[in-house]
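The values are calculated or read from the model by the stated rules, or taken from the named source; none is laboratory data. From a predicted model like this one, the values you see are computed outputs, not experimental measurements. Note that each Cβ is placed from the backbone with ideal geometry, even for glycine, and that neighbours are counted across all protein chains shown. Ligands, DNA and RNA are excluded from the accessible area calculation, which covers all protein heavy atoms including side chains. Shrake-Rupley method; radii C 1.70, N 1.55, O 1.52, S 1.80 Å.
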Amino acid sequence: MSVHDELDVHHLLDVLWMARLVRADETGIAGPVGETADASAHTATDARPKGPGSPVEALSGVAAADALHQPVTAARLGSGSAAGGRATAEHAHRAGRAGQHGDATPVTSRALRPLRRRVPRRDRIALDEERTLRVSADLGRPVVITRPHTERWLDLALVIDASPTMGIWQEKVAGLRTAVRRSGVFRDVRVLRLVTDDVGDLALLTTGGQRHQPSELLDRTGRRLIALVTDGVDDRWHTIEAAAMLARWSAHNPVLTLQVLPPALWHRTALPPLPLRPRQVRPGIWQSTSPYPAEYETSNWIPVAAVDDSSIHRWASTVVSSRPPTLELPAIPVGFLPLADPAGPAMADDPVELVALFHSDSSPTAFALAGYLASAPITLPVARAIQEDLLPASDTGHLAEVLFSGLVERISPPRPEEDPDAVVYDFLPGVRHELLRTRRRDETFRVLRLLGRRSASVAGRLGTVDLFSLAENPSGYLRDHPDSRLAATVAVTVLGGFGGVYADNATRLQLMLEETAAPAPALTNPPALLLKPAPDATAGTQWAAPLELFGSGPVVATASQWAEVHRLALAGRKATIARDVGHRLATVWLRVSRLADVAALSRATLTLGPDANALYDLGRAESGMGRYRDALASYELALHLYRDAGARGDEAAALNNIAFLYNNLGDAAQALAYSERALSIQREVGNRAGEAAALNNIGSVLYTLGDRRQALDRFQQALVIRLEVGDRGGEATTRSNIGNVLLALGDRQQALAHHQQALPIQREIGDRAGEATTLHNLGSLYDDLGDRGQALTYYRQALSLCQEIGDRAGEAGTLSNLGNLYYALDDRQQALACHQRALAIRQELGDRDAEATSRFNLAVLLSQTEQIDDAAAHLRESIRLAEETGHPSLERIRSFLDELQPSGGKRPKGGGQSR
């Protein structure tokens, strides 16, 4: 047959039959056809006969025509474009250079091989070549037999942290990206960059620049692996948003943190792992069986692996194993993030102490590298040149030890899409001098000679790093290279210690730097800022605050930039700017429950004089933290200012929030009066969102008063409006409230449905305070259903969130209910501890009504352990507080005391009050 002849089904069957015989003869085993790990082996082949007289018989109940008309595409393993080729070539060059530094072995496909599983796909079929061959050969005619098509088990979302600190790891990340694309392990590989958008929220960017929300990666089938490549150093990992993102991912998907830093540095990041011997709830989804606090057992854990073959292979083998892991894995408990203080550990101010601490904590190679870098201006090209020539045994991990040691600060302002090689760093004041003392003079000379030889290739934006030439001809260099001032400053420090002609040159250079120094900007006269009016906070609009700098046009600022503008405005006593910017920023931070930050921001604004919006924001923060009486004072001051200004909508909002506070303080009559006044004004001004908020508050007051049917009616009216105006946060709050009423009315399943609808909304929009309340309500519901294990889980999650956002009142309420639950579980010690903590917080807050409840609960517990005198003391104080506040359980408390004192006996649980 000629090579140009067209193959038909008969030729194909002949070839397959002969191949089977040959293979069986050589090995004694006829291996399966079509189950190879190569995805390309499953590309569809049209096996239909080309001419008449060739009957095709379909088996397995699948029509042959249907089977052969459905193509089976190979897995997408990355682009084969010219651009991809260029990237590969560039990586090969850089990997060779990194290898000289002693970096870890690059990741290969062998590390991911355990994940190379195939799973059936019911909606597609493929030709069963083995059975087709065998049956056709036996029957003497072509018979097509099909089987379910199989495909790769997982697809991969490779999420690369795009924070500035990741710049030094570009080579390692490029190698990882190439390895996973070429591995053939995944159905699909998507590479995304994790960035912070214009309003401070986390977002994902594709290589084409398209923006996506992190929640879009969720795959509830559990067949998407999310691999996060990060160093865990950037401030974003200390935020609630980052913790929520990781929690959502790990709840449904296998997640792996690929840590680029050396393992010795992991504990110093914002994502420090703990040793864990985990159990898998589902493949790749982990929970703890290790001896950590009980709360950790219900948290999902994200394994951490180094970016090398052995670490990734170990993780992958554990994922696919049906047996529990025999070795501990490093992992992060995502339910308890942030795990580190954003401010970091307290650092010494004395450079001598700073260098001594670094010497004790760092590796010897990293300390030697810091000593060499003290003789040079610091950029990544300069550091790499020193490593290649003077410390060939060092690698990127040692450089990271220096850059993230607390001895170095970045002095280049961040720029979008910046080149990491252009970023300039410097040592903290006094540190360079102390490090130079750790190096011999000949070692410093070796660095200076190296910089002279390689200045043209590594200087970049510094202009020059040839310190000898710079000191000899300072005027020429400073004139021709304005950015060389940093190099000149380093030259003064380094050469000044040599004496002789070098010291003379350093002195002359210092004088020239002083003569040519630009005047420092005065904080008392900041640039004029023209701010456009703030968006209406009640309209549910997204916060994007445009500003104009010197008439340059609108610029969308990030939250951190607005914070800096606010600081400058305060320093310059520019009250209008500080108030406007402060209110915008507070609105953003309140959405994500940054309560303490809002309180501090508002108090700073108020140093410039009374301001209604600052007082209102302060009231919201204080209310969220459970400081109801402080919040009441702030709202009342804001209310008077709003009335004086004739701001009717703002007046109604303040009235509504005051009503909420009175309801929580036990004065339902006052709460109802304020809510109804707020409702009247909101309807008058036509503010539908405000009207819904007022109806929601009226429903809460009616529920407190025991009128559950009327409360349900108000909540349902509020829900209709909130759905109409698209108020997602308000919708979740009202649904949770409806759930509470339905539970009280005995409709538990409907109550559960409403709470379960509220919770994902609150998590989606980042409403941590609302999420804590709903989790608490779910705990109460499951407790009522008798499912105490679930109740305990939800209460613990609510407690963790309350502590995280600083909601002290919510924390006390949850502790109180946890105490009651532990009592029901016959764990008296835990119950007592919870109620004692709740009492301490309520005394701190001055919440006398809630304090009366806590004292009653403690009395019940103490009476069970024969501590009758202590129980009676708590009851007497509880009665005094209840009489002052009009506590609804006053008679119950009195009755308990009357029964306790005469008998001196035990008293069954009287029941604690809910949050």
Restricted to the stretch 459-476 and to residues being within 14 Å of M512 (Cβ to Cβ) and without any contact (Cβ under 8 Å) to a residue 24 or more places away in the chain, the residue most open to solvent (accessible area, probe 1.4 Å) is N473
Within the stretch 398-409, work out how many residues are at pLDDT below 85 and either assigned to a strand (DSSP E or B) or open to solvent by less than 40 Å² (accessible area, probe 1.4 Å) (or both).
2
Checked pairs for the stretch 807-819, first closer than 11 Å to Q830 by Cα, second basic (K, R) and outside any loop (DSSP other than H, G, I, E, B), C-beta under 7 Å and 6 or more apart or across chains, list as L815/R837
Could you check the stretch 145-204 and list, in sequence order, the residues that are assigned to a loop (DSSP other than H, G, I, E, B) and among the charged types (D, E, K, R)?
R187, D188, D197, D198, D201
Single residue of R688, R683, R714, R709 found to be open to solvent by 30 Å² or more (accessible area, probe 1.4 Å), basic (K, R) and in contact with a Leu (Cβ under 6 Å, 6 or more places away or on another chain):
R714
Just to be sure before I move on: is Q757 free of Cβ contacts under 8 Å to residues at least 12 places away in the same chain, in contact with a Gly (Cβ under 9 Å, 6 or more places away or on another chain) and open to solvent by 20 Å² or more (accessible area, probe 1.4 Å) in the structure I sent?
no
For the stretch 115-129, give me the residue count where each residue is open to solvent by less than 30 Å² (accessible area, probe 1.4 Å) and part of a helix (DSSP H, G or I).
1
Out of all the residues in the stretch 570-591, which are farther than 18 Å from G619 by Cβ and either touching a Phe, Trp or Tyr at 6+ places or on another chain (Cβ under 6 Å) or not in a helix (DSSP H, G or I) (or both)?
G572, R573, K574, V581
Pairs returned, first residue in the stretch 175-187 that is at positive phi, second residue that is surrounded by fewer than 20 Cβ atoms within 10 Å (Cβ to Cβ), beta-carbon separation under 9 angstrom, 6 or more apart or interchain, are G184/A37; G184/D38; G184/S40; G184/A75; G184/L77; G184/S109; G184/R116
Residues of the stretch 173-190 satisfying the condition of being open to solvent by 20 Å² or more (accessible area, probe 1.4 Å), closer than 16 Å to V107 by Cα and in contact with a strand residue (DSSP E or B) (Cβ under 7 Å, 6 or more places away or on another chain)
R177, R181
Would you call R432 touching a strand residue (DSSP E or B) at 6+ places or on another chain (Cβ under 7 Å), closer than 14 Å to L486 by Cα and either crowded, with 22+ Cβ neighbours inside 10 Å or not assigned by the TED database to the domain that holds D234 (or both)?
no
Looking at (1) part of a loop (DSSP other than H, G, I, E, B); (2) in contact (Cβ under 8 Å) with a residue 24 or more places away in the chain; (3) under 28 Å from S363 (Cα atoms), find the lone condition where S412 falls short.
(2)
Scan of the stretch 229-243 for residues that are assigned to a helix (DSSP H, G or I) and closer than 14 Å to I332 by Cβ, ordered by number
W237, H238, A242, A243
For the stretch 159-175, state whether one or more residues are in contact with a Gly (Cβ under 7 Å, 6 or more places away or on another chain) and among the acidic types (D, E).
no
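Residue by residue, here is whether (1) open to solvent by less than 40 Å² (accessible area, probe 1.4 Å); (2) closer than 18 Å to P330 by Cβ; (3) outside the structural domain of D161 (by the TED database) holds:
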| residue | (1), (2), (3) |
| --- | --- |
| T207 | no, no, no |
| T221 | no, no, no |
| R224 | yes, no, no |
| V255 | yes, yes, no |
| V260 | yes, yes, no |
| H267 | no, yes, no |
| R279 | no, yes, no |
Qualifying positions in the stretch 287-326 - more than 15 Å from L115 (Cβ to Cβ) and at pLDDT 70 or above:
N300, W301, I302, V304, A306, V307, D308, S310, R323
Give the residue, chosen from A456, A503, that is among the aliphatic types (A, V, I, L, M), surrounded by fewer than 18 Cβ atoms within 10 Å (Cβ to Cβ), more than 19 Å from L391 (Cβ to Cβ) and modelled with pLDDT under 80.
A503
Quickly run through the stretch 130-164 and pick out the residues that are within 25 Å of R236 (Cβ to Cβ) and open to solvent by 30 Å² or more (accessible area, probe 1.4 Å).
A162, P164
For the stretch 702-731, what are the residues that are β-branched (V, I, T) and over 36 Å from the mean Cα position of the chain (by Cα)?
T704
Options G813, G786, G806; residue that is surrounded by fewer than 22 Cβ atoms within 10 Å (Cβ to Cβ) and within 24 Å of N663 (Cα to Cα)
G806
